[in-house]
Each structure stands twice: as C-alpha cells, then as structure tokens.
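Sending over a structure as structure tokens; questions will come in a sec.
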Ligand code: BDR
Ligand code: CA
C-alpha cells in the first residue's frame, strides 16, 4: 500500500498535525504509466486510471490543456468545470464544451461555475486570449450543453463519491474550488491533491507581483493554500520557459485528425494574437504544463514551500510568497536542505492602529505545497505536440 493510500484514511490535516510531517510524496501523478505504444490507442480507459476534475477558464492555453488531457489515456476525467477568468463565464463555458466536442469526449460532464471572483470584480485577459478567449480561432457553436449542477456542487459530489482518489487540476482562478471548500468542511481531506497552474515565486505577469490566476481571485487562492489539501503549484517560475514556436505549430498542422487541426488553429492564432498585442515573447503553454506535470512529474523539479497569498496589498494582491528554510532572513536559513528548523513564518509588522498582530503567521515551518522550480521544456513539448498531433 503506498503512502498516499495510507494518508487518505485520515484527513490530510490530521496527518500533518499528527506527525508534524512534511509532504514527502515524490510522485503525485497517475497510478498507471503509459508507454508510447499504448498511446497509439491500445490502452482502454477504465478502472485504475487517475480520476481528475479539470477547472478551467478557456483561454487559448486552457483549450490546449483540455485537449492534452482528453488525449491522455492515463486520465479518467470525471468533469470539466468552467470559471470566469481569461474571459467571462459566458465564453469560458461554451469554449470548454467546444473542446470536449472536438476531442469526441462529450460523455465528460461540463459544469458552469462562478461568474465572478469571491470578493472582487472580474478582470479578464482578452489582451492575451482575444475577445472570444480562443485567440480569435473560430469553432462551431457547441451542440452539447452543461450539466445542471453548478461547478462547486459537482466538485463536492464527485470527490465525496471517490474519497482520496480525485485530483483537481486547476488552470484558472480558484473561485470554484474555494466555493466548494467553503460549503463542505470535509472536502479538503477527501481530495487526493490539487495540481494548479497559478502563482509565481519570481514575479508576476499581470502586475510585477501577481500571476493572473491568483490575481483574479486572491481570496479564493488563499482559501485553497490554507485548506490542508496537498498543493502542487506549477507557476510562472516554470511556465515562462515553455514558449510555443512556429515549428510546434507546423508539427500540429501536419498531424491528421480534428484534435491536431484544432490545436494547430489555436496555436497559430495564439502566435498571431501575441504579435497583434505587441508582445515580444511567444505564447507560453502555462496550462498544458500543469496537465503534463500531473501526467509525468519527472518533467519538472520540485521544492517544498509554505505558500501564502497576499490579499490586502494595494499593489501586490495576488502575490504568492514561498517560505522555506532557504528563504527569509539569513539568520533563519537552514544549514542543510534536509534540516527544517522552527522557522517563523512572518507577515508584515503590526501597525500602530491595529491591535491584531500579523507579524507571525505560523510558528513552525510545515510546507503546504510542492512548487515546480525547473522544467525540461523539450521533453514537455515532445509530450504536448506528440499527443495533440496523434504522433505519440
Ligand atoms: C494563466 O493565466 C491565464 O491567462 C492562462 O490561461 C493561465 O492559466 C497564466 O498566468
Ligand atoms: Ca487558464
């Protein structure tokens, strides 16, 4: 019996509290490994595969991430839940349905989620994703419709049905997941893990401090990081190193089948949209990298951090802070990577006006997240382009 199964018998919070343990789970991905031969279609989807729910705001890179997931036979996609983010929900929901139809996977339930962040007005990213959210790539109106259950309820009911089995792969703002956590205190202990595209320990992309998904709904992100669910954070630190090239687009165009052609159109339009918007850099494959990280965690290097989210800053809301014995004040640095001292997790100094002390958030260092710190970009693109073009 593996460590994950042992842990799933008690809640994650109980495990951490009882043992004072650090997350020592090295592999968090699928329970089955798929060979190249099996990818050409010989592997049946069925029991033993990894149950996932994908929460998304398509979004060009979301659309490619969804196609990658639906072309990955290791996954049993229990649901796709849409959230407002890159564009409003009125567009992210049909865009998710379009991808499901293109992939011929209309059996996957798609649910509508939050129209707006928990406490803030929605900020979109049409400057990156175009007015339709797909970089201007035009696909037919979806024929299928969303299920009646709202996203947060669907997440709760699926996780409750398969306790300890479901991984949430989130590639948009965390509003739906936070809403589900707020309405069900047992949810966090039942989720196997959350693998998110979000955050950064090296500066933001919408402000100097914040990455877009966390910026849009920092309060939701804070609820998630503090929930006790094991978090895997695939942030800008690594996704910035996944630039889409002309060569990738040509490889997709050369692929046969609807998924390859749709992915090629998305990729071509993403490059065009970037050029129109005046970005010097090429589009990054942020969201596909989060899916790939779940499929094969060896594509990335990982470090344990205690991650918290700035929610009050006038300029910094949505910033993710990574505490570890190797960061913070030099007097608190650990001599060795393995040694975890009683590191104080400090926030800002208390103000004169306030009686509440926010200077110490935690009196002991217990990581809550595995953070991706390096990526083998070439291997990632082999997987992404290979699977989307049907060549793997
Ligand atoms: C994230 O923000 C969105 O624009 C992308 O889809 C991705 O999820 C990158 O910061
Ligand atoms: Ca996204």
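Taking 22 Å as R0, compute the FRET efficiency from the Cβ-Cβ separation of residue 107 and residue 138 and round it to 0.05.
That gives a FRET efficiency of 0.30.
Based on the mean of other Cβ atoms within 10 Å per residue, sort peptides 314-322, 211-219, 261-269 so the most packed one is first.
Ranking the peptides 314-322, 211-219, 261-269 by packing returns 211-219, 261-269, 314-322.
Take the alpha-carbon centre of the stretch 362-386, take the same for the stretch 259-292, and report the distance between them in whole Å.
20 Å
Report the Cα centroid-to-centroid distance between the stretch 59-80 and the stretch 154-232 in angstrom, as an integer.
A separation of 17 Å, based on Cα centres.
Each label point is 7 Å from the Cα along the Cα-to-Cβ direction; what then is the distance between the points at residue 379 and residue 148, in nm?
Taking the two extended label points, one gets 4.7 nm.
Put a dot 7 Å past each Cα toward the Cβ at residue 243 and residue 131; how far apart are the dots in nm?
Result: 3.0 nm between the two label points.
For 225, 139, which order do you get if you count the other beta carbons within 10 Å of each Cβ and list the fewest first?
139, 225
In what sequence, highest mean first, do 244-252, 194-202, 365-373, 56-64 appear when ranked by Cβ atoms within 10 angstrom?
Packing proxy ranking, top to bottom: 56-64, 194-202, 365-373, 244-252.
Let's test the formula: R0 of 30 Å, r as the Cβ-Cβ distance of residue 344 and residue 202. What FRET efficiency results, to the nearest 0.05?
0.80
Using 0.36 nm times the number of residues separating residue 250 and residue 185, minus their current alpha carbon distance, what extension gain do you get?
18.6 nm
Given the peptides 119-128, 79-88, 156-165, arrange them by the average over their residues of other C-beta atoms within 10 Å, most packed first.
Listed from highest to lowest mean packing, they are 79-88, 156-165, 119-128.
Moving on. If a/c stays under 1.5 just call it rounded; otherwise compare a/b with b/c (prolate if a/b is bigger, oblate if not). Do that for the stretch 195-272, with a ≥ b ≥ c from the square roots of the Cα gyration tensor eigenvalues.
prolate
Read the figures in this text as sums done on the coordinates, not as results from a lab. In this text, all values refer to a predicted model and were calculated from it rather than measured experimentally. A quick note on method: Cβ atoms are made from the backbone with ideal geometry, for glycine too, and the neighbour counts reach across all protein chains shown.
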